[in-house]
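Engineer: Just dropping this structure here.
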């Protein structure tokens, strides 16, 4: 079993839709949770960073962490074609090593 | 924001040759840089952690004699793939942090290596 599980998709939605991206994990020691956006053949870009549980909002993006369920989510409101990319979750625990999910490919159709 | 520049973006080489990839932090000093490898539709796999002025720390299964890492200054780390083979073909990405922690990584744009 992988430490971090993420559905690779692809996920296709119409423009303006609310998008929900998720990751599950098995290591209860994870304390830091990140979401990265990666455009094709480019390096990832940090979108959201959360420590421990709770919600964090930044513009159209909301990150949620539910440590009791070992489940994190990224919500994108009013999705745009420019949001089409691969979204990677990442987590870090007491080992200091960053563990990435496989990434979910999102396509927002105009 | 922090900018990490990676060069070249794409390289095609013959089997047996060596390829050097450069990673520079343009507007901050990076005492630690990380090198990742990514196969299509797969996650980022950490290859090694590069510390300025000291030897890199390699992840299990990564051949240090094949993937030579040099971090000679606070703004430059290089990865040299020695005697490249077709199975080394992959997308290589470097990253760096401000302040040393790795929660907030700034990535380079990646290098697509194709070994013929």
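The values are calculated or read from the model by the stated rules, or taken from the named source; none is laboratory data. All values reported here derive from a predicted model rather than from experimental measurement. Methodologically, a virtual Cβ is constructed for each residue, glycine included, from the backbone with ideal geometry; neighbour enumeration extends over all protein chains shown.
Engineer: Of the conditions (1) modelled with pLDDT of 90 or more; (2) over 20 Å from residue A:103 (Cα atoms); (3) not in a strand (DSSP E or B), residue B:109 fails just one. Which one is it?
Structural biologist: Every condition holds for residue B:109 apart from (2).
This table checks each residue for (1) under 24 Å from residue A:88 (Cβ atoms); (2) loosely packed, with under 13 Cβ neighbours inside 10 Å.
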| site | (1), (2) |
| --- | --- |
| B:21 | yes, no |
| B:24 | yes, no |
| B:34 | yes, no |
| B:41 | yes, yes |
| B:62 | yes, no |
| B:85 | no, yes |
| B:94 | yes, no |
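Engineer: Select, from A:51, A:36, the only residue that is exposed (fewer than 14 other Cβ atoms within 10 Å of the Cβ), out of contact with any helix residue (DSSP H, G or I) (no Cβ under 8 Å at 6 or more places or on another chain), within 12 Å of another protein chain (Cβ to nearest Cβ) and closer than 24 Å to residue B:102 by Cα. Break it down into steps so the answer makes sense when it comes.
Structural biologist: Numbers: A:36 fails: exposed (fewer than 14 other Cβ atoms within 10 Å of the Cβ).
After ruling out the rest, the residue left standing is A:51.
Engineer: Among the residues of the stretch B:1-30, write down those that are within 13 Å of another protein chain (Cβ to nearest Cβ) and more than 16 Å from the chain's Cα centre (by Cα).
Structural biologist: Within the stretch B:1-30, B:1, B:2 meet the criteria.
Engineer: If we keep just the residues of the stretch A:90-110 that are under 24 Å from residue A:15 (Cβ atoms) and within 17 Å of the chain's Cα centre (by Cα), which is surrounded by the fewest Cβ atoms within 10 Å (Cβ to Cβ)?
Structural biologist: Within the stretch A:90-110, the subset under 24 Å from residue A:15 (Cβ atoms) is A:103-110.
Then keep just the ones that are within 17 Å of the chain's Cα centre (by Cα); that gives A:103-108.
Working: A:103: 26, A:104: 21, A:105: 18, A:106: 21, A:107: 14, A:108: 20.
My answer is A:107.
Engineer: How about the stretch B:84-116: which of its residues are touching a residue at least 60 places away in the same chain (Cβ under 8 Å) and farther than 20 Å from residue B:51 by Cα? Quick ask: steps written out before the conclusion?
Structural biologist: Residues of the stretch B:84-116 touching a residue at least 60 places away in the same chain (Cβ under 8 Å): B:84-86, B:92-98, B:100, B:102, B:105-116.
Within the stretch B:84-116, B:84, B:85, B:86, B:109, B:111, B:112, B:113, B:114, B:115, B:116 qualify.
Engineer: Moving to a separate point now. I'd like to check something: does the stretch A:44-58 contain any residue that is at pLDDT below 90, in a loop (DSSP other than H, G, I, E, B) and in contact with a strand residue (DSSP E or B) (Cβ under 6 Å, 6 or more places away or on another chain)?
Structural biologist: Yes: the stretch A:44-58 contains one or more residues that are at pLDDT below 90, in a loop (DSSP other than H, G, I, E, B) and in contact with a strand residue (DSSP E or B) (Cβ under 6 Å, 6 or more places away or on another chain).
Engineer: When the residues of the stretch A:59-70 are filtered to those that are in a loop (DSSP other than H, G, I, E, B) and out of contact with any helix residue (DSSP H, G or I) (no Cβ under 9 Å at 6 or more places or on another chain), which remaining residue is surrounded by the most Cβ atoms within 10 Å (Cβ to Cβ)? Give the derivation first.
Structural biologist: Kept after step one, since they are in a loop (DSSP other than H, G, I, E, B), are these residues of the stretch A:59-70: A:59-60, A:67-70.
Filter once more, so that each one left must be out of contact with any helix residue (DSSP H, G or I) (no Cβ under 9 Å at 6 or more places or on another chain): A:59, A:67-70.
Details: A:59: 9, A:67: 15, A:68: 8, A:69: 9, A:70: 17.
For the stretch A:59-70, the residue satisfying everything is A:70.
Engineer: How many residues does the stretch A:7-39 contain that are under 19 Å from residue A:56 (Cβ atoms) and outside any strand (DSSP E or B)?
Structural biologist: Of the residues in the stretch A:7-39, 3 are under 19 Å from residue A:56 (Cβ atoms) and outside any strand (DSSP E or B).
Engineer: If I filter the stretch A:71-84 for residues that are within 13 Å of another protein chain (Cβ to nearest Cβ), surrounded by fewer than 19 Cβ atoms within 10 Å (Cβ to Cβ) and part of a loop (DSSP other than H, G, I, E, B), do I get at least one hit? Walk me through how you get there before you give the answer.
Structural biologist: So in the stretch A:71-84, the residues within 13 Å of another protein chain (Cβ to nearest Cβ) come out as none.
No; the residues of the stretch A:71-84 include none that is within 13 Å of another protein chain (Cβ to nearest Cβ), surrounded by fewer than 19 Cβ atoms within 10 Å (Cβ to Cβ) and part of a loop (DSSP other than H, G, I, E, B).
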